[in-house]
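The values are calculated or read from the model by the stated rules, or taken from the named source; none is laboratory data. Predicted, not measured: the structure shown is a model, and the values here were computed from it. Using ideal geometry, Cβ is built from the backbone for each residue, glycine included, and neighbour counts are taken over all protein chains shown.
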Amino acid sequence: MLPHALVVPAGAEDDGVVGEHNEDQEHGVEPARPPLATAQAREMTAGLREAMDDVRRSVAVLAARVRDAHAARVWLPLGHSSWESYCDAEFGISRAQAYRLLDVARALAAIHGAVAAGPETSRTRDTDPGAAAALDYGLSQRALIAVSSRSGDVAEMITRRLATLAHSGLQALDEATVRAVVRQAVRDIRTAPPPPPADPPADPTTAALRRVVDDLAASTHAIGELMLEVAPAYLSDIEAADVLALLCDHIGEPLEHGLAARRYAMSGDRRALHGTVL
């Protein structure tokens, strides 16, 4: 299935770079091989890096095509009743996966808009800055899904930071700088739980209860990130349940709570916790 082929599971600090994996966690043991020479190891590492870059570029291209297909309501001329039924019939992917593709597309569109908005940054691009930018950022599908519900916050942060750099004159806004700003903004939004409501309640008891709920949401967000380490974002809830059942049992956490925390870490939407953690 196409999304599975395009996703690279990664670590908690993932911004498109594959995380470390403890070989003690492997289910099997690779047969012993002669040690590589340094030159061979560097060549193999370069090949891996190129393959990872290809995967991330494919995610960006896929997102752009998903956005165009959904905007054109491509399912109607082909006789499908909806986007999800189209994705199921044409590509064999679940409803959840179909909508995660849209999340990726929307997040990238917001990032493109922020990057292309200023004349200072658009000069660093080709005639189609949005298309070029889609290949530059090095963001994984997981990272884009994680910020999809807060894409406005990501875009605002990127716009503000690029404007600050442009006006300071201390650093040229070349492609590498723009890419670094985008990746850091995505990482910052991902690692910070969504902010609580702006207006605190007047009643002290209600305010204290809200602080407790905010603390619980923040810790649940951290748990969700750990759940994503074990069951990456491209897995459906049903697939994730199979993977997380034993872990939740070991840590004494109901599976429903673990799945809810995972959904919250992906979406940033507290409604994912209703009826379970909150």
For PRO31: the one exception among (1) over 22 Å from LEU228 (Cβ atoms); (2) at pLDDT 80 or above: (2)
Which residue pairs have Cβ atoms under 6 Å apart, sit 6 or more places apart or on different chains, and have a first residue in the range 267-278 that is farther than 20 Å from TYR99 by Cβ and a second that is of a type in the set (Gly, Ala, Ser) and at pLDDT 80 or above? THR276/ALA260; VAL277/ALA260
What helices (runs of 4 or more DSSP H) lie completely within the range 29-120 and have 1 or more residues being among the β-branched types (Val, Ile, Thr) and surrounded by fewer than 18 Cβ atoms within 10 Å (Cβ to Cβ)? 38-71
Against the condition out of contact with any strand residue (DSSP E or B) (no Cβ under 9 Å at 6 or more places or on another chain), under 26 Å from TYR137 (Cα atoms) and at pLDDT 90 or above, how does HIS80 come out, does it pass? no
Would you pick out the residues in the range 150-168 that are within 14 Å of ARG190 (Cα to Cα) and crowded, with 18+ Cβ neighbours inside 10 Å? ARG150, SER151, ASP153, VAL154, ALA155, MET157, ILE158
Tell me, which helices (runs of 4 or more DSSP H) wholly within the range 179-278 include 2 or more residues that are exposed (fewer than 14 other Cβ atoms within 10 Å of the Cβ)? 204-230, 237-251
